[in-house]
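Everything on this sheet refers to the single structure shown next.
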Amino acid sequence: MNFIKKRDKIIEILELSGINEILKSKSNFPDTLPAAIVSLANRQGKNKIDFCFAEHYFKFDIYIVIDDDQTADEKIIKLIDNIDQNLQKHIFIAIENVELYHSMINAKNVKIAKFYL
């Protein structure tokens with residue numbers, strides 16, 4: 001799957017999972033939460049032929065951002081599980097590892113989940 005098709009499919013699945021706002025750049029901040037940021041992480045070659053590759057795989061960093069309140073842990077785990085189920089159902093990819101951390105956006109406490117696809 002090429003870069004644009006894979007990114008668009010990931011965005012479609014995030015929308016299906018209940019994400020209100022999806023950005024394509026880590027340079028921007030979301031206005032509404034929950035939000036997601038889909039950012040290209042790397043490109044890897046496959047099937048080397050002489051000095052080039054027949055195919056390339058693209059990996060994306062996905063950041064899920066929610067309000068950090070008393071129930072943030074439960075909310076973000078439920079959202080990640082929902083996204084994971086939709087990924088498995090629609091593009092046969094599972095989330096392997098999720099990093100969770102706290103941050104601030106526009107003087108607002110948020111909880112962020114980061115994973116790779």
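Bear in mind that the values in this text are calculations on the coordinates, not laboratory data. A quick note: this is a predicted structure, and the numbers were derived from the prediction, not measured. Neighbour counts are summed over all protein chains in view; Cβ atoms, including those assigned to glycine, are modelled from backbone coordinates with ideal geometry.
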Between Asp68, Asp84, Asp31, find the one with the highest GNM mean-square fluctuation for the chain; connect C-alpha pairs within less than 10 Å.
Asp31
Per-pair calculated FRET efficiency, R0 = 25 Å: Leu40 and Asn109 via Cβ, rounded to 0.05
0.35
Filter the cross-link list Lys26/Lys48; Lys48/Lys114; Lys48/Lys89; Lys9/Lys46; Lys26/Lys108 down to pairs whose alpha-carbon distance in this structure exceeds 29 Å.
Lys26/Lys48; Lys48/Lys114; Lys48/Lys89
The relative contact order of the chain, taking Cα pairs under 8 Å that sit 6 or more residues apart, comes to a percentage of 23 percent
So what's the angle, to the nearest 10 degrees on a 0 to 90 scale, between helix 3-16 and the longest Cα principal axis of the chain?
30 degrees
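When N counts the residues of segment 1-87, how does its alpha-carbon radius of gyration compare numerically with 2.2 N^0.38 Å, as a ratio?
1.30
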With a Förster radius of 25 Å, plug the Cβ-Cβ distance of Ser25 and Glu55 into 1/(1 + (r/R0)^6) and report the FRET value to the nearest 0.05.
0.45
Which angle from 0 to 90°, rounded to the nearest 10, does the C-alpha axis of helix 72-91 make with the longest principal axis of the chain?
30 degrees
Using 0.36 nm per residue of separation minus the Cα-Cα distance, give me the extension gain between Lys5 and Ile77 in nm, one decimal.
23.2 nm
What full-extension length gain, to one decimal in nm, is calculated for Gln88 and Asp67 as 0.36 nm per residue of separation minus the Cα-Cα distance?
5.0 nm
